[in-house]
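Chemist: The structure under discussion is supplied below as structure tokens; questions concerning it will follow.
The values are calculated or read from the model by the stated rules, or taken from the named source; none is laboratory data. Here the structure is a predicted model, which means the values were calculated and not measured. Cβ atoms come from the backbone with ideal geometry, glycine included; neighbour counts cover every protein chain shown.
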Amino acid sequence: MPPTDNQGSFLNRISIRRNQVAYEHEIEDVEQFQKHVTDRLSELFHPQEDTTTSDPPEAILSIAWFRKLLDAFLCCEAEFKAVVIMGRDANNFSKSPLDRLIPEHLDRSVKALDICNAIIHGIDLLQHWRKLAQIAVDSLNQKPITEGHVRRAKKALTTLLSSISIDDKEIHHHTNKSTSSSNNNNTTLGNIKSLSYPFARTWSAAKQIQAMSANLTSPRGGEPTGLVVPLYLMSSVLVFVMWAMVAAIPCQERAGLGAHLQLSKQFTWAQPMIGLQEKIGEQWKKKEKKGRSGLLLETQRMEKLGLSMVEFAEGFVFPVEGEKAEEVAAMVAEMEEVCGRMEEGLVALDMQVREVFNRIVRSRAETLDVLDQLNKMTTPVPY
Amino acid sequence: MEDTNPPPSDTSNDLNTKVDGEQTPSVVPQDGTPHDKNIDQFISLLRTDDKSDSSSPPEIVESVQIFVDLFDVKVVEYESGSKRWIQLDENESACFLEFVDRNAKLIKSMSRFHYEENYAVVIDRISSVQERALCILEAEFKSILDDYQTSYDRDQDKDEAKKKELKSSASNVHVQEAVEPELPDQSEAEHEKDEFLGYSDEMMLVLKKLANGLITGGHVTECSELYFFVRRNATEQNLKNFRFEKFSIDEAQKMQWEPIEKEVSSWMKMFKYFCSSLLPSERRLAEAVFSGHTAMSDNLFGNLTQIVLSYFLSFAEAVMMTKRSAEKLFKFLDVYEAVRDNVPLVEQLLSDEWLPQLKSATSLICTMLGESIYNIFIELELSVKSDVAKTPVPGGAVHPLTRYTMNYLKYACEYSDTLEQVFKEHKRIDRVESVTDLQSSQEHQPQNHQGGNGSPFQSQIAKIMDLLDVNLEAKSKLYKDPSLSLIFMMNNGRYILQKTKGTGEMRTLMGDPWVRKRSSDLRNYHTNYKRETWTKLLQCLSHEGLSVNGKVMKPVLKERFKSFNSMFDEIHKSQTTWVVSDEQLQSELRVSISAIVIPAYRSFMGRFSQVFTPGRQTEKYIKYQPEDIENCIEELFDGNTAQLSKKR
């Protein structure tokens, strides 16, 4: 990974920073940092692709896109650490407004960790959705498509669709078995619908995002220290990434997520983020009215295809021939492709989210270490 | 049991011999066997035909129609709900699964000619019946799996008393720790009996058959998803029964430490129970239900474990992210040890693909907790170093700093093995991360005593002890009376020595030379104290200079008695307020004071008391009888607070 490779040279820079020339270097570093972030985010934002109907594999809100987004986050994070945290001493952070901004940033980091944990559970649910869709693909890939195959596919799809539509609306905690053992209902696969949550039922991803962005205000011009801008940048990227993940991946309680952060237009790196945010925000508004499966492209396609497939199943007459057969084959092929992307992407995405978690934990610890240099001198023995 | 789970056999011959060998003719429909044979022949015909790539399919044998009609009738019977699998006898269920198996093969081999209309129509028919049959299997599979609660809850009622015990003892860590070693044995035994988490042997038998049927029929995903969700719900139900608290990292940041601290104790219990007992049972269950399908059981168990552990590890993460402070050390150590010790129990049950995520999560937790633990010691070191008090402790008693530090270290040493591990790991990280820190810490190495070149934790403890000494030395200077300084040093030194000797681990860490050195220091304080306080007094009792040419100089004698009395009064008055709370030290001091004062006084009295005229003069100058002196000495170091508080 590029950021780690750079750390050797960062170390050099840090030692130089102690000298008189330090200030200039810092300005240079911060500028570089902002430029890199701008580049990385711009890559994620392709407005020109907007109009094309086909879904390129890295289309916005796809799994592949999220993997790139998280990559960008990890790079950004590594550079942030090198520019802002490493080699600092407590005095750097103890002056206003950093003495306020840094703890605020750390608080956001903590909230981001919870979101990561919630997202990891969400990815697990996506895997189950994929398995259900895969059942439909497998059974409708049979030749000839028989009533039995259709029935099997429909059952899996009904379970899938009901799981998608109840996700995060009702049933926070799985319903008990009171219903399941008594009814021999063959239309769904039973309790697969439910999403188990890592937190108490009052925890809300949307509220966490709101809390993260509430006090995130753009620095005014002429702030006393050059670290204010990169800190604001890092917080903005953090909140944005978490917001996008919550919007896309099944997650505990997302009502009210639409209200998002206000990014300052004065920074070039904010432009692609604002663009992305608007696009995702629009989709959110559209989607919020009917069910909340999350905006993940694959989920949306899966849901759409699932509905068409159920429709096909309902009007099924043996044998399927001609145009109808081609239609089904096309749907199945598309669903298969979606499943393939999910199978391939979700494991990697899960690992990446875990990596993001690890990195945030470590960076926070390193920041606290710097801050603690001050506290250490003043900790009394608690007798 | 094994013969109910044959590996999916590919040759129809095998199947036939198995059917013949297993089934009694009275149960199998008489007309079933010949048709089955015909179908099996048909299937192999289609297969062998496969190779020759001929375009015209063989004619569909009549038996297929009869077979599917028969199967249909059976399926209807089950669909009506009149038959439940748990009540079926061995042969009936075997017969049904036979149908499914044969049908699956039939569909598979016929599909090759799906473009032939007559084939397609038959395939539609038989696959429809097959699907209905598999639905029945699914429903039965789920309903039996779901039935865990009845039997399991019965079990849980039995456990209820035990659990309550656990919960209540959670308030006291040390009591709990004493109980702990028995726990795994108990639960191990519990679960030997309850090998399959409340599923009876009959249920297990049926579950295996159903799983096998579903797998044969191609419903692998349905089967594993059903299984997974039932077991996950069961596990989560279990966590709920234990009142497992899910709280987020963010919440933990804002919580008071006490509720978290309490939760740590019950978390430890639960975590241990899950890792050492419940998850191994889940493993056995998955293996038994999906015997012969290792990949499936590995995967199902892995998935379940991942979720369960994520709850437990989230808690550990929430704890590790709380702001570190000295009082959290012991809980941090508890959580560290729990993760270190319990996760490997589960790791050995998991297939390789599940390990990387788990390892990365646990290593993060151990590293972060390790860092906090390490830093707590560094902070303790700094705190001891920089603790400055302006006012001395009244009476030269044990300083709160000594008490705090020693008790803290004493508890810490109960975790000495873990702390050694943490310190070794951390020193390594430290060396990589900051060279400068290491250099500066080497500069501050304590004077080289025995522990100095020992393990990192050992030298850390030694360093703190040295700093405590230096600090106490400085604090002793706050007393204006040098005797009181010495009493203070004695008190604190004694306390440190006793605490160290009283804790096996700490005694071992500090080593013999240290103990010898401390003991000799204490003796020196004692000697110096006697000299400081009592030598001057004893000078009053010196026989020298009292007689000139054998004649006692009465005025000098009067002066001697007077100054003895006033000096003694003064000593008595001040030193009864001094504190020596260690009984042994107190009595040692009194004994050694008496040993020098009483004989001298007695001899002085014996020699000179008759000089005074009995009556007023004697009363005036001989204020104390030797017994009085003895009594007064017995009152020293009592920390006479009544007097003290009156003064204040």
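Chemist: Determine whether region A:320-327 contains at least one residue that is buried (at least 16 other Cβ atoms within 10 Å of the Cβ), assigned to a helix (DSSP H, G or I) and out of contact with any Gly (no Cβ under 6 Å at 6 or more places or on another chain).
Modeler: Among the residues of region A:320-327, not one is buried (at least 16 other Cβ atoms within 10 Å of the Cβ), assigned to a helix (DSSP H, G or I) and out of contact with any Gly (no Cβ under 6 Å at 6 or more places or on another chain), which makes the answer no.
Chemist: Under the condition of being within 9 Å of chain A (Cβ to nearest Cβ) and assigned to a helix (DSSP H, G or I), which residue from region B:114-123 is surrounded by the most Cβ atoms within 10 Å (Cβ to Cβ)?
Modeler: B:ILE123
Chemist: Mind checking which residues of region B:380-404 are crowded, with 20+ Cβ neighbours inside 10 Å and at the interface with chain A (Cβ under 7 Å from one of its Cβ atoms)?
Modeler: B:SER383, B:VAL384, B:ASP387, B:LEU401
Chemist: Still on this model: Does B:ALA412 satisfy being among the aliphatic types (A, V, I, L, M), in the same structural domain as B:TYR495 (by TED's automatic domain parsing) and in contact with a strand residue (DSSP E or B) (Cβ under 6 Å, 6 or more places away or on another chain)?
Modeler: For B:ALA412, the condition - among the aliphatic types (A, V, I, L, M), in the same structural domain as B:TYR495 (by TED's automatic domain parsing) and in contact with a strand residue (DSSP E or B) (Cβ under 6 Å, 6 or more places away or on another chain) - is not met.
Chemist: Please state which of the following conditions B:LEU350 fails to meet, knowing it meets all the rest: (1) within 25 Å of B:ALA286 (Cβ to Cβ); (2) modelled with pLDDT under 95.
Modeler: Unmet for B:LEU350, out of (1) within 25 Å of B:ALA286 (Cβ to Cβ); (2) modelled with pLDDT under 95: (2).
Chemist: Select from region B:348-358 the residues that are touching a residue at least 12 places away in the same chain (Cβ under 8 Å) and part of a helix (DSSP H, G or I) and write down the one among them that is surrounded by the fewest Cβ atoms within 10 Å (Cβ to Cβ).
Modeler: Here the answer is B:GLU353.
Chemist: If you check B:SER93, B:SER111, B:SER82, which single one turns out to be among the polar types (S, T, N, Q), surrounded by fewer than 16 Cβ atoms within 10 Å (Cβ to Cβ) and at pLDDT below 90?
Modeler: Unique residue meeting the criteria: B:SER82.
Chemist: Could you go through region A:100-109 and let me know if any residue there is in contact with a helix residue (DSSP H, G or I) (Cβ under 7 Å, 6 or more places away or on another chain) and facing chain B (nearest Cβ under 8 Å).
Modeler: Checked region A:100-109: no residue is in contact with a helix residue (DSSP H, G or I) (Cβ under 7 Å, 6 or more places away or on another chain) and facing chain B (nearest Cβ under 8 Å).
Chemist: Sticking with this one: Mind checking which helices (runs of 4 or more DSSP H) fall wholly inside region B:192-273 and carry at least 2 residues that are on the phi < 0 side of the Ramachandran plot, charged (D, E, K, R) and away from chain A (no Cβ under 12 Å)?
Modeler: B:201-216, B:257-273
Chemist: Which numbered condition trips up A:LEU296, out of (1) at pLDDT 90 or above; (2) touching a Cys at 6+ places or on another chain (Cβ under 9 Å); (3) not basic (Lys, Arg)?
Modeler: So A:LEU296 meets the others, but not (2).
Yes or no, residue by residue, for (1) of a type outside the set (A, V, I, L, M, F, W, C); (2) assigned to a loop (DSSP other than H, G, I, E, B); (3) touching a residue at least 24 places away in the same chain (Cβ under 8 Å):
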residue	(1), (2), (3)
B:GLU337	yes, no, yes
B:ILE365	no, no, yes
B:THR391	yes, yes, yes
B:ASN407	yes, no, yes
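Chemist: Then there's this: Take region B:590-616 and flag every residue that is hydrophobic (A, V, I, L, M, F, W, C), under 17 Å from B:LYS536 (Cα atoms) and either buried (at least 18 other Cβ atoms within 10 Å of the Cβ) or touching a residue at least 24 places away in the same chain (Cβ under 8 Å) (or both).
Modeler: Across region B:590-616, the qualifying residues are B:ILE593, B:ILE596, B:VAL597, B:ILE598, B:ALA600, B:PHE604.
Chemist: Take region B:279-302 and flag every residue that is in a helix (DSSP H, G or I), of a type in the set (A, V, I, L, M, F, W, C) and touching a helix residue (DSSP H, G or I) at 6+ places or on another chain (Cβ under 7 Å).
Modeler: B:LEU279, B:ALA286, B:ALA288, B:VAL289, B:MET296, B:LEU300, B:PHE301
Chemist: So, one more: Residues B:ILE86, B:ILE107, B:ILE60: which one is touching a helix residue (DSSP H, G or I) at 6+ places or on another chain (Cβ under 7 Å) and closer than 15 Å to B:HIS35 by Cα?
Modeler: Every option except B:ILE60 fails the conditions.
Chemist: Then there's this: Identify all residues within region B:523-556 that are surrounded by fewer than 17 Cβ atoms within 10 Å (Cβ to Cβ) and assigned to a loop (DSSP other than H, G, I, E, B); write none if there are none.
Modeler: Selection gives B:SER542, B:HIS543, B:GLU544, B:GLY545, B:ASN549, B:GLY550, B:MET553.
Chemist: State which residue is farthest from B:VAL121 (Cα to Cα) when the search covers only region A:128-147 and only residues that are facing chain B (nearest Cβ under 9 Å) and basic (Lys, Arg).
Modeler: Among those residues, the one meeting the criterion is A:LYS131.
Chemist: If you don't mind, another one. Taking the criterion of being modelled with pLDDT under 95, of a type in the set (S, T, N, Q), surrounded by fewer than 22 Cβ atoms within 10 Å (Cβ to Cβ) and more than 17 Å from A:VAL110 (Cα to Cα), would at least one residue in region B:311-323 satisfy it?
Modeler: no
Chemist: Among the listed residues B:GLU559, B:GLU627, B:GLU635, B:GLU619, which satisfies the condition of being within 49 Å of the chain's Cα centre (by Cα), surrounded by fewer than 17 Cβ atoms within 10 Å (Cβ to Cβ) and not hydrophobic (A, V, I, L, M, F, W, C)?
Modeler: Selected residue: B:GLU635, the only one of B:GLU559, B:GLU627, B:GLU635, B:GLU619 that is within 49 Å of the chain's Cα centre (by Cα), surrounded by fewer than 17 Cβ atoms within 10 Å (Cβ to Cβ) and not hydrophobic (A, V, I, L, M, F, W, C).
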